[in-house]
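Below: the structure, in structure tokens.
Where a number appears in this text, it was derived from the coordinates with a stated rule and is not lab data. Quick caveat: nothing in here was measured; it's all calculated off a predicted structure. Cβ sites come from the backbone with ideal geometry, for glycine too, and all protein chains shown count toward neighbours.
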Amino acid sequence: MKSGILVILALAALVVANSLFVVKEHEFAALFRLGAITRSDIQPGLHFKVPFIESVRRFDRRLLTLDAQPERYLTSEKKDVSVDFFVRWRIEDVSRFYQATGGNEENALARLNPIVKEAVRNEFNQRTLQEVVADIRTNLTDVLTAKSDESARQLGIKIVDLRIKRIELPEDSEVIDSVFRRMREERRRVANELRAEGAEAAQRVSADADRQRNVIMAQAERDAQRLRGEGDATAADIYAQAYGADAEFYGFHRSLEAYREAFASGTDVLVLDRDSEFFRYFRESGRTR
């Protein structure tokens, strides 16, 4: 009798355990009956199901990430670029998601990846490299998100955000050489401009220095001439006063200057009459002795 009761209680517990299920806050839940979805809008909380006939499958309702490997794309001018991006997505329609992917996230990523890459390829094919770089922080990511989301709806997926992490030129791309050439030419042009500006500035400084030097020299020469003139005038005045006081001394002094100039070289020979006025003071000096 007791064993029968225990069996009944165990069966009842098993039935109750298979009748109740809990859906957490970060989950979606779908109710299946004989393998077919009967409900896909089950919200978080405690719920009941028909035991042994209905089953429950849970899906993550949080944001999920697709981090794709860098892919090479062509711009409208046929330039190769390597694009690295990631996608934030979530399950939007549980029933469609299950039908498209079997409820497996890896299957979902495998199907979502080509959808996003196709959207990226189409947008890059319509833009030049300069437009891609200019638009990446404005409307390009919004356009890519909208295009990818439109195609991903067939998987029951909502694309929340698509971000481009990095755009690089492949190492084997001719664009790198072209960019480097342009950079070198640009640096060379800037260097030539700076050299030309420096040479022009140097010429201006040199010309200004020469002008100032000439002005200073002219002013110095003017002042020197004035000082010499003033000195000569003063000397002449002194001489005039001195010579006026003693005319004979003045004549003697002038004769000495004439002698000094005549015999300055030490080798000159003068042939003059001994009674010449030139030797006046020599003669008078001899008579004095």
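Exactly which GluC sites (Glu not before Pro) in the range 63-167 are in a DSSP loop and have at most 16 other Cβ atoms within 10 Å?
In loop regions of the range 63-167 (DSSP not H, G, I, E or B), the sparsely surrounded GluC sites (Glu not before Pro) are Glu77.
Between their Cα atoms, which of Lys24/Lys158; Lys24/Lys117; Lys78/Lys147 are more than 28 Å away from each other?
Lys24/Lys117
So for the range 55-100, what percent of the C-alpha to C-alpha distances run longer than 12 Å?
Percentage above 12 Å: 73.
Which of Ile136, Pro114, Ala207 sits farthest toward the positive end of the charge dipole of the range 89-210, with +1 on the Cβ of Lys and Arg and -1 on the Cβ of Asp and Glu?
Pro114
Hey, got a sec? Which trypsin sites (Lys or Arg not before Pro) in the range 42-78 land in a DSSP loop and have at most 11 other Cβ atoms within 10 Å?
Sparse-neighbourhood loop trypsin sites (Lys or Arg not before Pro): Arg62, Lys78.
Under a crude label model (7 Å from the Cα following the beta-carbon direction), how far is Arg111 from Phe86 in nanometres?
According to this spin-label approximation, the distance is 2.5 nm.
Classify the range 64-172 as rounded, prolate or oblate, taking a ≥ b ≥ c as the square roots of the eigenvalues of its Cα gyration tensor: rounded when a/c is under 1.5, otherwise prolate if a/b is larger than b/c and oblate if not.
It is prolate, given that a/c is not under 1.5 and a/b is the larger ratio.
Points 7 angstrom from Cα along the Cβ direction at Ala235 and Lys165: gap in nanometres?
9.4 nm
Order these peptides, 218-224, 160-166, 35-41, by their mean beta-carbon neighbour count within 10 angstrom, highest first.
160-166, 35-41, 218-224
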